[in-house]
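See below for the structure under consideration.
The values are calculated or read from the model by the stated rules, or taken from the named source; none is laboratory data. Computed from a predicted structure; not experimentally measured. We place every Cβ from the backbone using ideal geometry, glycine too, and count neighbours over all the protein chains shown.
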């Protein structure tokens with residue numbers, strides 16, 4: 001009897017898992033799966049762009065970072081909206097390496113190559129979510145970024161925040177009460193039939 005109840009619960013869970021829910025609220029940017037298609041576990045089905053948290057990575061020259069601090073106010077003008085719309089933001093982080101340092105094949109200067117190339121460092125800028133609701137953005141847009149470096153009170157490095165939860169979801173929290181009630185009902189019915 002216990003084996004049959006376990007099989008029922010497993011079948012019910014498999015049915016619930018046949019519908020895939022996104023753990024974040026957002027927009028589908030690229031879909032590689034069609035309705036009714038069988039998919040293997042772990043294969044990418046689509047890219048979902050979260051609307052809960054968006055930011056901008058601005059690539060500044062290393063010579064421009066000297067006075068840059070966490071928390072400094074930022075003005076951003078996207079080519080999408082031109083100079084008519086100014087986005088407000090703040091510096092929320094400065095990456096620990098240049099953009100080319102983490103590339104698949106990082107640039108290596110050959111011996112005797114005395115050309116010095118100024119590198120660019122990604123600076124993370126958090127944008128005002130209310131402005132982004134009014135003027136939605138897309139991934140990969142071009143922008144002009146102005147950082148007010150007059151305020152020098154902030155930190156140069158962002159403090160680690162290991163306990164910050166970026167995304168939370170209840171999509172995998174299944175309420176087992178319906179299947180447990182069904183199993184109990186089936187057991188009761190079979191117990192009554194066995195008594196007769």
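Considering only residues in region 93-120 that are under 24 Å from residue 158 (Cβ atoms) and out of contact with any strand residue (DSSP E or B) (no Cβ under 6 Å at 6 or more places or on another chain), the one that is modelled with the lowest pLDDT turns out to be 106. If you check 181, 155, 130 for being loosely packed, with under 13 Cβ neighbours inside 10 Å, more than 30 Å from the chain's Cα centre (by Cα) and either outside any strand (DSSP E or B) or modelled with pLDDT under 90 (or both), only one passes: 181.
Could you tell me whether residue 21 is in contact with a helix residue (DSSP H, G or I) (Cβ under 8 Å, 6 or more places away or on another chain) and closer than 30 Å to residue 184 by Cα?
Working: in contact with a helix residue (DSSP H, G or I) (Cβ under 8 Å, 6 or more places away or on another chain): no; closer than 30 Å to residue 184 by Cα: yes.
Considered against the rule, which asks whether it is in contact with a helix residue (DSSP H, G or I) (Cβ under 8 Å, 6 or more places away or on another chain) and closer than 30 Å to residue 184 by Cα, residue 21 comes out as no.
Restricting attention to region 59-87, which residues are more than 22 Å from residue 153 (Cα to Cα), surrounded by fewer than 13 Cβ atoms within 10 Å (Cβ to Cβ) and in contact (Cβ under 8 Å) with a residue 12 or more places away in the chain? Answer for region 59-87, where residues must be more than 22 Å from residue 153 (Cα to Cα), surrounded by fewer than 13 Cβ atoms within 10 Å (Cβ to Cβ) and in contact (Cβ under 8 Å) with a residue 12 or more places away in the chain: just 79. So which residues in region 43-58 are loosely packed, with under 14 Cβ neighbours inside 10 Å and either in contact with a helix residue (DSSP H, G or I) (Cβ under 8 Å, 6 or more places away or on another chain) or touching a residue at least 40 places away in the same chain (Cβ under 8 Å) (or both), if there are any at all? Across region 43-58, the qualifying residues are 52, 53, 55, 57. Here residue 90 meets each of (1) free of Cβ contacts under 8 Å to residues at least 12 places away in the same chain; (2) on the phi < 0 side of the Ramachandran plot with one exception, condition (1).
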